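Visitor: Quick one: this structure, given as structure tokens, is what I'll be asking you about.
Throughout, read-outs are computed from the coordinates displayed, never taken from laboratory work. Not measured: the values here are computed from a predicted model. All Cβ positions, even for glycine, are placed from backbone atoms using ideal geometry, and neighbour counts span all protein chains on display.
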Amino acid sequence: MNRGTPIPETMTLHVPFRVVKRGGRKEMQMPEGVTQSRRTDSALVKALARAFRWKRMLESGEFATIAELAEREAIAPSYMTRVLRLTQFAPDIVEAILDGRQGTEVTLARLMETHPVDWDEQRVALQCTTATDQIHQGTGFCATL
């Protein structure tokens with residue numbers, strides 16, 4: 001465009017989407033059939049990083065108990081215990097979360113609930129119900145590919 005070119009008429013675009021709350025944030029959810037780019041959930045990634053860091057600190061003997069480590073980190077031991085449970089997830093589930101391939105129903109709050117120790121049972125428990133979600137590598141773990 002240059003100065004002599006008239007400004008075009010206003011154009012209105014209609015984009016179907018809905019806004020849903022997820023982990024205290026608002027997120028745009030596209031209609032079925034529309035693929036979204038992979039998006040990592042920073043809260044999930046941060047919690048996984050903390051969990052594996054704390055696990056390493058406990059296993060190395062740097063801290064003898066969860067209570068001792070929780071005191072140093074200035075958090076409640078019960079919260080630390082719930083976050084540490086994230087280290088028990090199957091490697092493919094952790095990888096999908098880090099890659100942003102987890103389904104929209106996989107939230108930090110949901111993962112911090114009590115979950116099965118068996119990896120196959122975890123995949124089944126985390127299976128999503130929305131049509132836009134696909135099964136991750138045939139394992140039963142819900143992931144948006």
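Visitor: Return the long-range amide H neighbours of residue 22 (sequence gap of 5 or more, or a different chain), with a cut-off of under 5 Å between placed amide H atoms.
Guide: Residues meeting the amide H criterion: 27.
Visitor: Let me spell out the model: positive unit charges on the Cβ of Lys and Arg, negative unit charges on the Cβ of Asp and Glu, origin at the Cα centre of segment 14-121. What dipole size does that give, in debye rounded to 20?
Guide: Value, rounded to 20: 620 debye.
Visitor: What's the ranking of 49-55, 63-69 by average number of surrounding C-beta atoms within 10 Å, highest first?
Guide: Numbers: 49-55: 16.3, 63-69: 13.7.
Averaged packing, sorted descending, gives the order 49-55, 63-69.
Visitor: Would you calculate the separation in nanometres between label points at residue 74 and residue 39, each defined as 7 Å from the Cα along the Cα-to-beta-carbon direction?
Guide: 3.2
Visitor: HN-Hα J couplings of segment 45-58 from phi, Karplus 6.51/-1.76/1.60, θ = phi - 60°, integer Hz, Gly and Pro as x?
Guide: Coupling constants for segment 45-58: 5, 5, 5, 5, 4, 4, 4, 6, 5, 5, 4, 4, 5, 6 Hz.
Visitor: Ok, one more. Between residue 53 and residue 110, 0.36 nm times their residue separation minus their Cα-Cα distance comes to what?
Guide: In short, 18.4 nm is gained.
Visitor: How long is segment 57-108 along each principal axis, judged by its Cα atoms, biggest number first, in Å?
Guide: 35, 21, 13
Visitor: Spin-label point model (7 Å from Cα, Cβ direction): what's the residue 65 to residue 18 distance in nm?
Guide: 4.8
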